[in-house]
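A.B. asks: Take this structure first; my questions come after.
The values are calculated or read from the model by the stated rules, or taken from the named source; none is laboratory data. Just so it is clear, the structure is predicted and the values come from calculations on it, not from any experiment. Positions of Cβ are generated from backbone atoms using ideal geometry, with glycine treated the same way; all protein chains shown enter the neighbour counts.
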Amino acid sequence: MVTFAFLLALSLIYTKAGREADRELRFPPVQPKAASAPNLEAGSSALAYEGGGHRPRIRLIRATVFPHQSTESDAVFEPSEAVITRAQAPKPGNKSSIPVAAPAPEQIIRTLKVTATGYTAGFESTGKRPNHPEYGITYSGVKVRRDKNAISTIAADPKVLPLGSILYVPGYGYAVVADTGSAIKGHKVDLYFATTRQVYKEWGKRTVEVQLIKHGSGKCTEAMLKNIGRAIRAYDTVPQEMLEELI
């Protein structure tokens, strides 16, 4: 038989446990600041707080039944960034693999829907092997390159996109038309990748809407690629001033 004394004792136990959980979450008040907590499991949240002169720590608060349970692990940000913040676990696939910014709307000359495939400098794509004197050399004379943080070279139909044209390809980044191909006709482009594995893993074959921001003059040079790449690394995009200089 359940007695009143038993219920009262049980209530006190639950109340004490609840207070312990509350006390566990009371950290020194600081100004909240947006921050992310890495490697969170789905359905978890986190509180970051200063740990008395030590490295900031992060406490993972998982949804559990009463009583409250938690685990701790080191945070990755510097002490100056230690703040109380609550963050949800990131959803898979949300993070972009392209670190550069898309062009401003006023920079876009036109948008073209194209079929985009990938190619390499290897024999399977060009029929040339590393010992060939023109291995890795595009039709324009520049070397092939793939740089997500700057500029990459691609092949296109020069009747549609002349050599030297600069585009933004969603999911690939900024690219310059530096090459041609016998199978690249009309609204088709071939994106350069360093390896066949990257072609299949990162791209495959897609229909995308590319954004033309500079109509090519029919030529592409190493100096041009170097200058554009330097600008993108500095600004995460191609400055309008540079596009005007290339006219």
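A.B. asks: Working carefully through the options Val238, Val210, find the one that is under 23 Å from Ser125 (Cβ atoms) and either surrounded by 13 or more Cβ atoms within 10 Å (Cβ to Cβ) or hydroxyl-bearing (Ser, Thr, Tyr) (or both).
C.D. replies: On the way: Val238 fails: under 23 Å from Ser125 (Cβ atoms).
After applying the criteria, what remains is Val210.
A.B. asks: May I ask you to say which residue of Lys201, Lys148 is without any contact (Cβ under 8 Å) to a residue 24 or more places away in the chain and under 16 Å from Ala116 (Cβ atoms)?
C.D. replies: Among Lys201, Lys148, only Lys201 is without any contact (Cβ under 8 Å) to a residue 24 or more places away in the chain and under 16 Å from Ala116 (Cβ atoms).
A.B. asks: Does Lys205 fit the bill of being exposed (fewer than 14 other Cβ atoms within 10 Å of the Cβ) and either touching a strand residue (DSSP E or B) at 6+ places or on another chain (Cβ under 6 Å) or not hydrophobic (A, V, I, L, M, F, W, C) (or both)? Explain how you work it out, then say what you get.
C.D. replies: Working: exposed (fewer than 14 other Cβ atoms within 10 Å of the Cβ): yes; either touching a strand residue (DSSP E or B) at 6+ places or on another chain (Cβ under 6 Å) or not hydrophobic (A, V, I, L, M, F, W, C) (or both): yes.
Yes; evaluated as a whole, the condition is true for this residue.
A.B. asks: Mind checking which strands (runs of 3 or more DSSP E) fall wholly inside region 140-247 and carry at least 3 residues that are of a type in the set (A, V, I, L, M, F, W, C), modelled with pLDDT of 95 or more and assigned by TED's automatic domain parsing to the domain that holds Ala121? Even if it seems obvious, please write down each step before you answer.
C.D. replies: Numbers: elements: 152-156, 166-169, 173-179, 188-192, 205-214.
Per the criteria, 152-156, 166-169, 173-179, 205-214.
A.B. asks: Suppose we keep only residues that are of a type in the set (D, E, K, R) and under 17 Å from Tyr172 (Cα atoms) within region 97-150. Which one would you say is surrounded by the fewest Cβ atoms within 10 Å (Cβ to Cβ)? Don't jump to the end; show me each part of the working.
C.D. replies: Restricting attention to region 97-150, the residues satisfying the condition of being of a type in the set (D, E, K, R) are 106, 110, 113, 124, 128-129, 134, 143, 145-148.
So of that shortlist, the ones also under 17 Å from Tyr172 (Cα atoms) come out as 113, 145-148.
Details: Lys113: 9, Arg145: 19, Arg146: 21, Asp147: 16, Lys148: 14.
Among those residues, the one meeting the criterion is Lys113.
A.B. asks: Scan region 208-219 and report the pairs whose first residue is basic (Lys, Arg) and whose second residue is outside any strand (DSSP E or B) and modelled with pLDDT of 95 or more, with Cβ atoms within less than 7 Å and a gap of 6+ or a chain change.
C.D. replies: Lys214/Ser165; Lys219/Ser140; Lys219/Leu163; Lys219/Gly164
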